[in-house]
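Colleague: Structure incoming, see below.
The values are calculated or read from the model by the stated rules, or taken from the named source; none is laboratory data. Keep in mind it's a predicted model, so treat the numbers as computed, not measured. Don't worry about glycine lacking a Cβ; one is built from the backbone with ideal geometry, like all the others, and counts go over all protein chains shown.
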Amino acid sequence: MNPRLEARLLETRRQFFARGKSALGYATLASLLGDSFLGPTAATASERPLLPHFPPKAKHVIYLHMVGGPAQMDLYDYKPTMKEWYDKDLPDSIRKGQRLTTMTSGQARFAIAPSRFQFSQVGQNGFWMNAETLPWTAKCVDDMCFIRSLHTEAINHEPAICHMQTGNQVTGRPCIGSWVSYGLGSLNQNLPTFVVLVAEPSNREQLQAISGRLWSSGFLSGEHAGVSFRSGGDPILFINNPPGVPAELRRAQLDGLSQLNQLAFRELGDPETHTRIQQFEMAFRMQSSVPELTDLKRESEATYQLYGDDARKPGTFAYTCLLARRLIERGTRFVQVYHNNWDHHSNVAGRMPSQCRDVDQATYALIQDLKARGLFDETLIIWGGEFGRTIYSQGGLSRQNYGRDHHPRCFSMWMAGGGAKGGVVYGETDDFSYNIVKDPVHVRDFHATILHLLGINHERFSYKYQGLDNRLTGVEEAHPIKALLA
């Protein structure tokens, strides 16, 4: 709970009147200075905690979520000894009775499928990765810190994505972007604090469902929910006034509507009424700011060459990354990007290269672009999925192709910029990329690390709801991973 608010609720009548002796002077000053005194978010300032707790490394976040769960042993967790295990059964001593999904629980065998891709040593520290399908990413590994030992309890997509995005496997709780919006507020009153972009993959064999539940504000005020931009047409529905409705008429309508909502608030006291007023005002301001934001034709030819030809096509991952940079440049606090079709139950040989082509050059370009504009050091970039994949094959197996099932025991992610320590590899898995053997990182530890980079102590960052002080990291012990901090 906000310590100041708690103190005021507990203060005595004598303390209240003593504190209020200067209230008349404050009221006079506020009436003279208007919004410059109270600020444009004064209506919600009382609910915002006292943050940051300490000087932050990052001011912004771009979270690149690969929906479906990328196969760690095909990308960043090199396991050369698996070549000797081709088509041999996964030992029971490795599996240790792990529960399986219904997609492989009926298999007669769990045959080992070594990665078919070429791994190389890259960067100053000789980091092993799949540079065959990620050649652009290989050029900037020294800017990244890799975590090979993430783990989760969730084995299916819905609870796993929800866990990674909200800290809980049950839907209905605030996502990370909403927590950051609630805690740190806006840097640009003309754009949303938290924006969601859904990129269209070039291959669409096995898409997972993505919906607004993933960027919900949960029990936080509705103003902290993510604003989803569409991949084609108008970025936001009804962002433009209909024909025959000038801006002056729209302004008059909103003023009248605001007065009616204020009457409703005085009568019912519902805080969501204030949220509604603020969202209407935000929408009005966005009518002028969003068209300029999404007019990517103003970008230079050098920028398009950096991101690649796909950056000219609305909805592609490259286009989305370029738009994410423009949002960060204009003060958006948190940008959540989703890229689908990483659920590789089959045809890894056909789908993994196309997925990597979608994200590879654009990811490199995003890092270089942020660097060139002086935004890299204050922008935390996150890349990863909701869980990993199995070393054993799902379905048919050949040396050239195979499938992989869900695997929650270990998976890989990376961070860059925003105070993340480049060139670091944290955590270690066994030869089968099946169990963690060193430095495990739970999802809540990962969340605690993100908050720490934003200057937030996760143990002191909560919101009282239904009598409980709720946190992104939950009630179990969690720790920021200090080895990942620059």
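Colleague: Show me the helices (runs of 4 or more DSSP H) entirely contained within region 264-348 in which 3 or more residues are free of Cβ contacts under 8 Å to residues at least 40 places away in the same chain.
Modeller: Fully inside region 264-348 and qualifying: 271-293, 301-307.
Colleague: Output yes when any residue across region 102-122 is within 28 Å of the chain's Cα centre (by Cα), modelled with pLDDT of 95 or more, surrounded by 14 or more Cβ atoms within 10 Å (Cβ to Cβ) and within 16 Å of residue 426 (Cα to Cα), and no when none is.
Modeller: no
Conditions (1) exposed (fewer than 13 other Cβ atoms within 10 Å of the Cβ); (2) among the hydrophobic types (A, V, I, L, M, F, W, C); (3) in the same structural domain as residue 152 (by TED's automatic domain parsing), marked per residue:
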| site | (1), (2), (3) |
| --- | --- |
| 64 | no, yes, yes |
| 68 | no, no, yes |
| 77 | no, no, yes |
| 81 | yes, no, yes |
| 84 | yes, no, yes |
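Colleague: Return the residues of region 201-236 that are part of a loop (DSSP other than H, G, I, E, B) and within 15 Å of residue 335 (Cα to Cα); say none if nothing qualifies.
Modeller: Going residue by residue through region 201-236, those that are part of a loop (DSSP other than H, G, I, E, B) are 201-211, 216-221, 225-226, 230-236.
Result: 216, 217, 225, 226, 230, 231, 235.
Colleague: Then there is this: Restricting the search to region 325-341, which residues are of a type in the set (A, V, I, L, M, F, W, C) and within 12 Å of the chain's Cα centre (by Cα)?
Modeller: 334, 335, 337
Colleague: So if I check each of 374, 395, which one is under 24 Å from the mean Cα position of the chain (by Cα), of a type outside the set (D, E, K, R) and not in a strand (DSSP E or B)?
Modeller: Numbers: 395 fails: under 24 Å from the mean Cα position of the chain (by Cα).
On inspection, the qualifying residue turns out to be 374.
Colleague: Check whether at least one residue in region 239-248 is in contact with a helix residue (DSSP H, G or I) (Cβ under 7 Å, 6 or more places away or on another chain), under 17 Å from residue 334 (Cβ atoms) and not in a strand (DSSP E or B), and report yes or no.
Modeller: No, that holds for no residue.
Colleague: Do the conditions hold for residue 425, that is, is it part of a strand (DSSP E or B) and free of Cβ contacts under 8 Å to residues at least 60 places away in the same chain?
Modeller: Spelling it out, it is not the case that residue 425 is part of a strand (DSSP E or B) and free of Cβ contacts under 8 Å to residues at least 60 places away in the same chain.
Colleague: Of all residues in region 338-388 being of a type in the set (D, E, K, R) and within 17 Å of residue 310 (Cβ to Cβ), which is surrounded by the fewest Cβ atoms within 10 Å (Cβ to Cβ)? Explain how you work it out, then say what you get.
Modeller: Keep residues of region 338-388 that are of a type in the set (D, E, K, R), which gives 343, 351, 357-358, 360, 369, 371, 373, 377-378, 386.
Narrowing further to those that are within 17 Å of residue 310 (Cβ to Cβ): 357-358, 360, 369.
Numbers: 357: 19, 358: 24, 360: 21, 369: 23.
For region 338-388, the residue satisfying everything is 357.
Colleague: Still on this structure, please answer the following. Checking residue 458 against (1) touching a helix residue (DSSP H, G or I) at 6+ places or on another chain (Cβ under 6 Å); (2) in contact (Cβ under 8 Å) with a residue 40 or more places away in the chain; (3) over 24 Å from residue 362 (Cβ atoms), which test does it fail?
Modeller: With (1) touching a helix residue (DSSP H, G or I) at 6+ places or on another chain (Cβ under 6 Å); (2) in contact (Cβ under 8 Å) with a residue 40 or more places away in the chain; (3) over 24 Å from residue 362 (Cβ atoms) applied to residue 458, the lone miss is (2).
Colleague: Here is a follow-up. Got a sec? Which of 213, 173 is basic (Lys, Arg), closer than 30 Å to residue 312 by Cα and either in contact (Cβ under 8 Å) with a residue 40 or more places away in the chain or assigned by TED's automatic domain parsing to the domain that holds residue 479 (or both)?
Modeller: On inspection, the qualifying residue turns out to be 213.
Colleague: Just wondering, is there one or more residues in region 126-142 that are among the charged types (D, E, K, R), within 30 Å of residue 79 (Cα to Cα) and either in contact (Cβ under 8 Å) with a residue 24 or more places away in the chain or surrounded by 18 or more Cβ atoms within 10 Å (Cβ to Cβ) (or both)?
Modeller: So far as region 126-142 goes, yes, one or more of its residues are among the charged types (D, E, K, R), within 30 Å of residue 79 (Cα to Cα) and either in contact (Cβ under 8 Å) with a residue 24 or more places away in the chain or surrounded by 18 or more Cβ atoms within 10 Å (Cβ to Cβ) (or both).
Colleague: Please find, within region 285-299, the residue that is farthest from residue 229 (Cα to Cα) out of those that are of a type in the set (S, T, N, Q) and touching a helix residue (DSSP H, G or I) at 6+ places or on another chain (Cβ under 9 Å). Can you show your working first?
Modeller: First pass over region 285-299, keeping only residues of a type in the set (S, T, N, Q): 287-289, 294.
Next, only the ones that are touching a helix residue (DSSP H, G or I) at 6+ places or on another chain (Cβ under 9 Å) stay: 287-288, 294.
Working: 287: 13, 288: 15, 294: 10 Å.
Out of the qualifying residues, it is 288.
Colleague: Any residue at all in region 423-431 that is over 19 Å from the mean Cα position of the chain (by Cα) and over 27 Å from residue 121 (Cβ atoms)? Steps first, answer last, please.
Modeller: Residues of region 423-431 that are over 19 Å from the mean Cα position of the chain (by Cα), as a first pass: 423-431.
Checking which are over 27 Å from residue 121 (Cβ atoms) leaves us with none.
The answer is no; no qualifying residue exists.
Colleague: So which residues in region 167-188 are among the polar types (S, T, N, Q) and buried (at least 17 other Cβ atoms within 10 Å of the Cβ)?
Modeller: 168, 169, 178, 181, 186
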